[in-house]
1. Before we move on, is I131 assigned to a helix (DSSP H, G or I), closer than 14 Å to L35 by Cα, within 15 Å of the chain's Cα centre (by Cα) and away from the ligand (no atom under 13 Å from the Cβ)?
2. Quick check on the range 100-117. Is at least one of its residues within 16 Å of the ligand (Cβ to nearest atom), closer than 24 Å to L209 by Cα and out of contact with any Phe, Trp or Tyr (no Cβ under 8 Å at 6 or more places or on another chain)?
3. Of these, E421, E404, E349, which one is surrounded by fewer than 19 Cβ atoms within 10 Å (Cβ to Cβ), at pLDDT 95 or above and away from the ligand (no atom under 16 Å from the Cβ)?
4. Considering only the range 188-202, state which residues are surrounded by fewer than 21 Cβ atoms within 10 Å (Cβ to Cβ) and more than 10 Å from the ligand (Cβ to nearest atom).
5. Please enumerate the residues belonging to the range 193-237 that are of a type in the set (V, I, T), farther than 30 Å from A356 by Cα and touching an Asp or Glu at 6+ places or on another chain (Cβ under 9 Å).
6. Return yes or no: is L384 at negative phi and in contact with a His (Cβ under 7 Å, 6 or more places away or on another chain)?
7. How many residues does the range 134-159 hold that are buried (at least 24 other Cβ atoms within 10 Å of the Cβ), of a type in the set (A, V, I, L, M) and in a loop (DSSP other than H, G, I, E, B)?
Amino acid sequence: MSFTAIERIPGIVAGLRYSFDHGVTRPAAWRREQLSRLRDLLIDRAADFERALAADLGKSGTEAQLTEIGFLVAELDHALANLGGWMRPRRAGVPLALQPATARVVPEPLGVVLVIAPWNYPLMLALSPVIGALAAGNAVVIKPSELAPATAELIARVIPDTLDQRAVAVIEGAVPETTALLTERFDHIFYTGNGRVGRVVARAAAEHLTPITLELGGKSPAYVDASVPLADAAKRIVWGKFMNAGQTCVAPDYVLGTRAVLDRLAPLLADAVHELYGSAPAQNPDYGRVVNRAQFDRLIGYLDDGDIAVGGAHDAAALHIDPTVLTGVDRGARVMQEEIFGPILPLVEVAGLDDALSFVTGRDKPLAAYVFSDDTAVRERWELETSSGALAFGVPVMHLTAPELPFGGVGESGMGAYHGELSFRVFSHEKAVLAKPLRPDTLAATVMPPYTAAKDGL
Ligand code: NAD
């Protein structure tokens, strides 16, 4: 992987700004063309993308299709089908005192935007924001993650041949290159990754008063009670947790339940692991691997934090950790202090619903909360009493496939949201446009001096 020379960065950004300022990206036809080309690229080069994702994360072809390539194609189809409506100015009402007048809300592109992507869904998270940025008529710098080098290199190779190079650039690099990029002035920065770097991005953005979207992570809980069929809940939790070897921002991080529920749930989770990944997950091509040695070593440290109900086997050379469920985990254990972001699922005992709610509300607001309960009163309490980027009943992860649901965090899990129309809105400025005829001169009679008693309260 060859990184972009740092001294080239200002010139690249200036080139994009020149194109934006000269209107290259504004026409609807240009936007459509870019989105269609991106769609064709994903379909025509699907095998190359799958190979890169396999090289970076041991991702299976099917999982790459479901969670990265196919997801992007669906987003592109949605954007192409709806772009006309999104771009259309909306009429706004005017109060009586302002009439006669007409008012509209006109979406306009922001300018040159920066998208910084992480390594865990290195294709989807690099390009999904770009769909919104292009649909909204912006020029874009894409900064893929250096920790998924095969995918980053492929993106850097194929995007310039596919999209309009005058308005889209890929910068390859790590911290020095990103640091250099962040000194440039952008009109929006869209960052996906961890909160530590999120703060670096926010500080850099403040220098230019650049608006930001931060898509961060956190510990997303799954609460299970006895009102649901536990084997079904276990299977869904296992699926949401162990896809991409647990390296999913919205994966259930841990499970909360009473002792009675957890005692029944633990063996069912083990059964579900066997059902989805077989008895030798290390040999199973459907199961991914940990991204690198640093993450592997961090994750292995958590294995002592509880009793292993299933899994635990690992192989440093292969960066493999079996899907692992830990029971008897203490609330203060290390595995409960930071986002796990790997294939280890701790089960944490609570006294009941109140205890579970206060456990979650006493911590940082998570990116998602998952509740497995058929009890309406229980569901209502989660909805009213907890705050998270998303709340899903009965299923993890899938909320992000509904383009009309905002996808984003709150508090420590991020700020701003995207997907579907919101991706377009994130990268647009909603301009207020008001037109009032000079005659009749209603303002003189109402708001202009000389102020008379008759004008009071108007
Ligand atoms: P990462 O290490 O790949 O970092 C993300 C990006 O930040 C990379 O492009 C990297 O080059 C850049 N970067 C790293 N250090 C930097 C620095 N000091 N200054 C400037 N740029 C820097 O990915 P990560 O942060 O390890 O990703 C994992 C985290 O992302 C997890 O917390 C996960 O929950 C979160 N995540 C969130 C979402 C979401 O949509 N909300 C999606 C995926 C991942």
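The values are calculated or read from the model by the stated rules, or taken from the named source; none is laboratory data. Note that the coordinates shown come from a computational prediction; the quantities given were computed from them, not determined experimentally. Here the Cβ is made from the backbone with ideal geometry for all residues, glycine too, and neighbour counts use every protein chain on show.
1. Working: assigned to a helix (DSSP H, G or I): yes; closer than 14 Å to L35 by Cα: yes; within 15 Å of the chain's Cα centre (by Cα): yes; away from the ligand (no atom under 13 Å from the Cβ): yes.
Answer is yes for this residue.
2. Of the range 100-117, the ones within 16 Å of the ligand (Cβ to nearest atom) are 113-117.
If we keep only those that are closer than 24 Å to L209 by Cα as well, we get 113-117.
If we keep only those that are out of contact with any Phe, Trp or Tyr (no Cβ under 8 Å at 6 or more places or on another chain) too, we end up with 117.
Yes, the conditions are met somewhere in the range 100-117.
3. On the way: E421 fails: surrounded by fewer than 19 Cβ atoms within 10 Å (Cβ to Cβ); E349 fails: surrounded by fewer than 19 Cβ atoms within 10 Å (Cβ to Cβ).
Sole residue among the options that is surrounded by fewer than 19 Cβ atoms within 10 Å (Cβ to Cβ), at pLDDT 95 or above and away from the ligand (no atom under 16 Å from the Cβ): E404.
4. Our first condition is that a residue be surrounded by fewer than 21 Cβ atoms within 10 Å (Cβ to Cβ); within the range 188-202, this holds for 194-197, 199-200, 202.
Of everything in the range 188-202, just one residue is surrounded by fewer than 21 Cβ atoms within 10 Å (Cβ to Cβ) and more than 10 Å from the ligand (Cβ to nearest atom), namely A202.
5. Of everything in the range 193-237, just one residue is of a type in the set (V, I, T), farther than 30 Å from A356 by Cα and touching an Asp or Glu at 6+ places or on another chain (Cβ under 9 Å), namely T210.
6. Working: at negative phi: yes; in contact with a His (Cβ under 7 Å, 6 or more places away or on another chain): no.
In short, no.
7. 2
Every residue, every condition in (1) closer than 21 Å to Y18 by Cα; (2) more than 19 Å from the chain's Cα centre (by Cα), yes or no:
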{"residue": "D161", "(1), (2)": "yes, yes"}
{"residue": "P176", "(1), (2)": "no, yes"}
{"residue": "I189", "(1), (2)": "yes, no"}
{"residue": "R196", "(1), (2)": "no, no"}
